[in-house]
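Structure, as structure tokens:
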Amino acid sequence: MSNAQASTPTSRREQILKEAARLFAERGFHGVGVDEIGAAVGISGPGLYRHFAGKDAMLAELLVGISERLLEGGRMRVTEGGESPEAVLDALIEGHIDFALDDRPLITLHDRELDRLREADRKRVRRLQREYVELWVEVVRRVHPLPSESRARAAVHAVFGLLNSTPHLGRPGALPGRTEMAELLHRLALGAFGAAAGEPEGGEPTAGESVAVGVPGA
């Protein structure tokens, strides 16, 4: 799986996690039984225990795993995103949009079920998330002359809230196509960072904005 972007599961374990995420997001953690997850991947409920100790283990792997992939993908994009800070910021935004569009059940799962994790796993998720935020803060401050680190951090959290709103945007048929939606989210994210920096609206597009129209589709 490249960065956080969803891909076709390549193993039974990945298939189980994909279906567990979908079912947990649709019906809640306690609303789904092991037998139902097994049926979704074509094996018996007890057969799941060859892969996971139980639902709690699946939830932990889903939430810790996506936090790890976001951070790893973010670091890779910072390293390989380009020579200019604007190009790196574009790369970070593109990576998070891939996650927000392709892994919507995990966003819902995080919002609803994070507190169900064991304390150690919950702390691990929070630590990984803080590192991911700080990665963005550093890049944003190189692109925009924000007056303080705290303002940059607030802007990053606000942009995450914008991008992570995808599970609440309505049924799939009511939204633009994936490529168009990705481009829209990209422009909105860039606009939000510009607004946080106090940049005037309606001016010449920045280097970052000129790249926004090229966000790849699925």
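The values are calculated or read from the model by the stated rules, or taken from the named source; none is laboratory data. Please read these numbers as outputs of a predicted model, since none were measured by experiment. Neighbour counts run over all protein chains shown; Cβ positions are idealised from the backbone, glycine included. For accessibility, only protein heavy atoms count, side chains too; no ligands or nucleic acids. Shrake-Rupley method; radii C 1.70, N 1.55, O 1.52, S 1.80 Å.
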task = Decide, for segment 84-192, between rounded, prolate and oblate: order the square roots of the alpha carbon gyration tensor eigenvalues as a ≥ b ≥ c, take rounded if a/c falls under 1.5, and otherwise choose prolate if a/b is larger than b/c, else oblate.
result = oblate
inquiry  = Which residues does the label zone of Arg130 cover in segment 41-75, counting backbone N under 14 Å from a point 7 Å along Cα→Cβ?
reply    = none
key: Protein-only accessible surface order, largest first, of Ile66, Ile43 at 1.4 Å   = Ile43, Ile66
key: Value of relative contact order over segment 28-159, rounded to a whole percent, pairs C-alpha under 8 Å and six or more apart   = 24
